[in-house]
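The values are calculated or read from the model by the stated rules, or taken from the named source; none is laboratory data. Keep in mind it's a predicted model, so treat the numbers as computed, not measured. Here Cβ is always computed from backbone atoms with ideal geometry, including for glycine, and neighbour counts include all displayed protein chains. What goes into the accessible areas is simple: the full protein's heavy atoms, side chains included, and nothing from ligands, DNA or RNA. Shrake-Rupley method; radii C 1.70, N 1.55, O 1.52, S 1.80 Å.
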Amino acid sequence: MFYSKEKKLNFNDVLIIPKSSQLNSRKDVILDTNISFPNSSVEWFGVPIMASNMDNVGTFEMGLALQKFHITNAVSKFYDKKAWVKYINKGLDPEYNYITFGLEKVSEIDEIISFIYQKTNKAIKTVVFDIPNGYIDKFSKTISDTRKHFPNLGIIAGNVVTPEGVKLLMDSGADGVKVGIGSGGVCDTTETTGIGYPQLSAVIECSEEVKKYNGFVVSDGGVKITGDISKAFAAGAGFVMLGSLLAAHKESMAPIIRKDNKNYRELYGMSSTKAMTKHYGGVADYRTSEGKSILVEDRGPVKNTVNEILGALRSTCTYINAKNIGKIYENSNFIIL
Ligand code: 5GP
């Protein structure tokens, strides 16, 4: 057994220190960012925030709303290929909406991507591979098989929380690595299994490793307030993924639940009993729930929340003289509280 005596950090353990700035207005900040994918050579341009591939977050309706802001959406894996075709034909942009896979075979992935291309004439440029434990052999094998078959497909894969995990996935051919275990708002993994890693430290340590590959980290989980998004970029994240923060909006498609004269919408973890019952007909005997189900007060259309997020990010940038999101990392110093 090994243990680190160094204290590891969460978002709420630090603040970003302000510094002299030539940016006199939030209008001077440009949030659209270029991100280069090292293994596939995909070039992406937009606001590097990503909706989480959860049932009541990564919906097509969410994607249609977010793409107007150039924000990405990891679409829930429970939509079938025909639904993808229908929504692309209605204007859903694959540049900002990614298909999510788990441990599918390459032939299955190929079938879906080819079907969408044949029916819409739109190419799928990037996909997200998401499983709760990105360390298992079968996952690295899935990534390397996919990379061999699709040399030019953007691949984001996770989740891991250590440089070892980053290495595993980047060596398998990923372009970016999704980082976060145990930090999600409706995640029960730390309570159930004792496994996890404080999110800010995970992002700092994994970003250092992924930079050796010219890749990027997607910080996934633990963002409770807009300032946490800035802290994730300051820690070196290329993208920041949001679940809870985007939940309970109209575009979540979760029906309104009326309680105590207030309107709520449900958010549940993808490893919760609720999700497993919905998608797999129950919790298998050898598994246990690692997620909760919560009611969040209805927050209306997501565009209001997105405007708050983008305004907050612009404000962070003016405090640290960061003309764009890439500069947040360069110009940030944290103080530990
Ligand atoms: P949030 O932004 O809500 O803090 O975190 C969202 C992330 O939590 C998701 O992108 C996903 O990685 C993680 N997550 C979602 N559902 C579950 C679950 O049921 N169990 C666990 N352990 N993590 C979950």
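Does G236 count as within 13 Å of the ligand (Cβ to nearest atom) and in contact with a helix residue (DSSP H, G or I) (Cβ under 8 Å, 6 or more places away or on another chain)? Considered against the rule, which asks whether it is within 13 Å of the ligand (Cβ to nearest atom) and in contact with a helix residue (DSSP H, G or I) (Cβ under 8 Å, 6 or more places away or on another chain), G236 comes out as no. What are the pairs, 6+ residues apart or on separate chains, where a residue within region 148-167 that is within 14 Å of the ligand (Cβ to nearest atom) has its Cβ under 6 Å from a residue that is of a type in the set (A, V, I, L, M, F, W, C) and part of a helix (DSSP H, G or I)? Every condition considered, the pairs that remain are A157/I143; A157/L169; V161/A202.
Would region 16-36 turn up any residue that is within 16 Å of the ligand (Cβ to nearest atom) and in contact with a Leu (Cβ under 7 Å, 6 or more places away or on another chain)? No: zero hits. The number of residues in region 134-169 that are part of a helix (DSSP H, G or I) and under 20 Å from Q199 (Cβ atoms) comes to 7.
Within the span defined as region 72-93, every residue fails to be assigned to a loop (DSSP other than H, G, I, E, B), surrounded by 19 or more Cβ atoms within 10 Å (Cβ to Cβ) and β-branched (V, I, T).
Only one of these conditions is not met by I195: (1) crowded, with 22+ Cβ neighbours inside 10 Å; (2) over 20 Å from I320 (Cβ atoms); (3) in contact with a Gly (Cβ under 8 Å, 6 or more places away or on another chain). Which number is it? Condition not satisfied by I195: (1).
From F139, F129, which residue is free of Cβ contacts under 8 Å to residues at least 60 places away in the same chain, more than 18 Å from V75 (Cα to Cα) and either within 20 Å of the chain's Cα centre (by Cα) or open to solvent by less than 30 Å² (accessible area, probe 1.4 Å) (or both)? F139 is the lone residue from the list that is free of Cβ contacts under 8 Å to residues at least 60 places away in the same chain, more than 18 Å from V75 (Cα to Cα) and either within 20 Å of the chain's Cα centre (by Cα) or open to solvent by less than 30 Å² (accessible area, probe 1.4 Å) (or both). Annotation for region 180-194: no member residue is touching a helix residue (DSSP H, G or I) at 6+ places or on another chain (Cβ under 6 Å) and of a type in the set (A, V, I, L, M, F, W, C). For region 207-233, the candidate set comprises residues that are in a loop (DSSP other than H, G, I, E, B) and not polar (S, T, N, Q); within that set, the residue that is farthest from the ligand (Cβ to nearest atom) is K212.
Scanning region 247-301 for residues that are of a type in the set (D, E), touching a strand residue (DSSP E or B) at 6+ places or on another chain (Cβ under 6 Å) and more than 16 Å from the ligand (Cβ to nearest atom) yields a total of 1.
Can you tell me which residues in region 171-188 are closer than 10 Å to N159 by Cβ, within 12 Å of the ligand (Cβ to nearest atom) and not in a loop (DSSP other than H, G, I, E, B)? Before the answer, list the steps.
Initially, region 171-188 is screened for residues closer than 10 Å to N159 by Cβ, giving 177-184.
Retained after the next criterion (residues that are within 12 Å of the ligand (Cβ to nearest atom)): 178-184.
Across region 171-188, the qualifying residues are K178, V179.
Do we have E95 as over 30 Å from Y197 (Cα atoms) and modelled with pLDDT of 95 or more here? Answer is yes for this residue. Within this structure, K68 fails the test of being over 30 Å from R265 (Cα atoms), surrounded by fewer than 23 Cβ atoms within 10 Å (Cβ to Cβ), touching a helix residue (DSSP H, G or I) at 6+ places or on another chain (Cβ under 8 Å) and of a type in the set (K, R).
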